[in-house]
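Notes follow once the structure below has been shown.
The values are calculated or read from the model by the stated rules, or taken from the named source; none is laboratory data. The structure displayed is predicted, hence computed values, not measured ones. All Cβ positions, glycine included, derive from the backbone under ideal geometry; neighbour counts span all protein chains shown.
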Amino acid sequence: MSVLDGPRSELRRVVFSGTPHWCAAINGRLELDDGRVVDEDEVQHLPPCNPTKIICPHGNYRSRWYEFGGKGEPKEPTYFHKPVSSLNAHGGQLVRPGGHMYLNYEGELAVVIGKPTRNISMEDAWDHIAGFTVANDAGLQDMRDTDAGSMLRVKGADTLCPIGPGIVSGVDVRNSTLRTYRNGTIVQEAVIGEDMWFGIDYLVSDLARHITLVPGDLVLTGTPANSRAVEPGDIIE
């Protein structure tokens, strides 16, 4: 069964009373792996996967591409790496390192790899995906020119990859709308399957031509236009 098929489900990892648990999000509450049901405000979220790699494409949304002066259409995607040390969880705080002024949000759909993936077709890519989560591909924009291309310090600083709260399957995300909220106001919005240059199946298959992806690895998929700098205390969802 493809990740797009079947009933919708959402799995999370949380800490409750000092103990980590897997849990299912059901009707606004969380059912822990020991059967107890708790409220979300009783737990601390953990990242819902443990990636060995976090890989991201440059400029994969048309609106973002044209916002930055892109011409025509890209012939193929280009990628950068976020270190796994940048991983953060739902509800976690972003830390802007000293000496920087601009820390920008970038709401993204993230693909969670579900099985070893190497040299697969686009059609088979869906069967290698465990599910989807939400990511904030946050970046230090005043480093953008210095680290152009690699984006290592721009996007790789500690805490700059919050994901979660959970891993969702059974949803055809291609028809879903990606929205980013800043303090409750929509600041980014796009239909995933319409605004992407290169779809989810293309990205996974393309990467797997060169790199073995393993369970838990994350492939971010790009962000729409209107990434902007945050201020201390802002809440990004």
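Points to keep in mind about this one:
- Within the range 93-122, the only residue that satisfies the criterion of being in a strand (DSSP E or B), over 22 Å from G216 (Cβ atoms) and of a type in the set (S, T, N, Q) is N104.
- Filtered by the rule that a residue be of a type in the set (V, I, T) and either outside the structural domain of S176 (by TED's automatic domain parsing) or within 25 Å of I211 (Cα to Cα) (or both), the range 78-107 gives T78, V84.
- Number of the condition not met by A25 [criteria: (1) surrounded by fewer than 16 Cβ atoms within 10 Å (Cβ to Cβ); (2) in contact with a Lys or Arg (Cβ under 7 Å, 6 or more places away or on another chain)]: (1)
- Of all residue pairs spaced 6 or more apart or on separate chains, those with beta-carbon atoms under 7 Å, a first member in the range 160-177 that is within 30 Å of P97 (Cα to Cα) and at pLDDT 95 or above and a second member that is outside any loop (DSSP other than H, G, I, E, B) and hydroxyl-bearing (S, T, Y) are L160/S86; C161/S86; I163/T133; G164/T133; G166/T133; I167/T133.
- Considering (1) over 27 Å from P7 (Cα atoms); (2) acidic (D, E); (3) buried (at least 17 other Cβ atoms within 10 Å of the Cβ), the lone condition that E108 does not fulfil carries the number (1).
- Taking the range 119-146 as the range and being closer than 17 Å to I54 by Cα, surrounded by fewer than 23 Cβ atoms within 10 Å (Cβ to Cβ) and small (G, A, S) as the test, the residues that pass are A130, G131.
- Residue list for the range 96-105, filter: loosely packed, with under 13 Cβ neighbours inside 10 Å and either farther than 20 Å from S150 by Cβ or in contact (Cβ under 8 Å) with a residue 40 or more places away in the chain (or both): G98, M101
Yes/no per residue for (1) hydroxyl-bearing (S, T, Y); (2) at pLDDT below 95; (3) out of contact with any Cys (no Cβ under 9 Å at 6 or more places or on another chain); (4) under 18 Å from Y79 (Cα atoms):
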site: W126; (1), (2), (3), (4): no, no, yes, no
site: T133; (1), (2), (3), (4): yes, no, no, no
site: N136; (1), (2), (3), (4): no, no, no, yes
site: R144; (1), (2), (3), (4): no, yes, yes, yes
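- Here K71 passes the criteria (1) touching a strand residue (DSSP E or B) at 6+ places or on another chain (Cβ under 8 Å); (2) in a loop (DSSP other than H, G, I, E, B); (3) within 24 Å of G199 (Cα to Cα) except the one numbered (1).
- Only residues that are among the aliphatic types (A, V, I, L, M) and more than 19 Å from the chain's Cα centre (by Cα) were counted in the range 6-24, giving 2.
- Applying the set (1) in contact with a strand residue (DSSP E or B) (Cβ under 6 Å, 6 or more places away or on another chain); (2) among the hydrophobic types (A, V, I, L, M, F, W, C); (3) at pLDDT 95 or above to A157 leaves exactly one unmet item: (1).
Yes/no per residue for (1) under 23 Å from E10 (Cα atoms); (2) over 16 Å from the mean Cα position of the chain (by Cα); (3) of a type in the set (A, V, I, L, M, F, W, C):
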| residue | (1), (2), (3) |
| --- | --- |
| L152 | no, yes, yes |
| N175 | yes, yes, no |
| R179 | yes, no, no |
| Q188 | no, no, no |
| E194 | no, yes, no |
| S205 | no, yes, no |
| N226 | no, yes, no |
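- Failed criterion for K75 (all others in (1) surrounded by 12 or more Cβ atoms within 10 Å (Cβ to Cβ); (2) under 25 Å from W126 (Cα atoms); (3) assigned by TED's automatic domain parsing to the domain that holds W197; (4) free of Cβ contacts under 8 Å to residues at least 24 places away in the same chain hold): (1)
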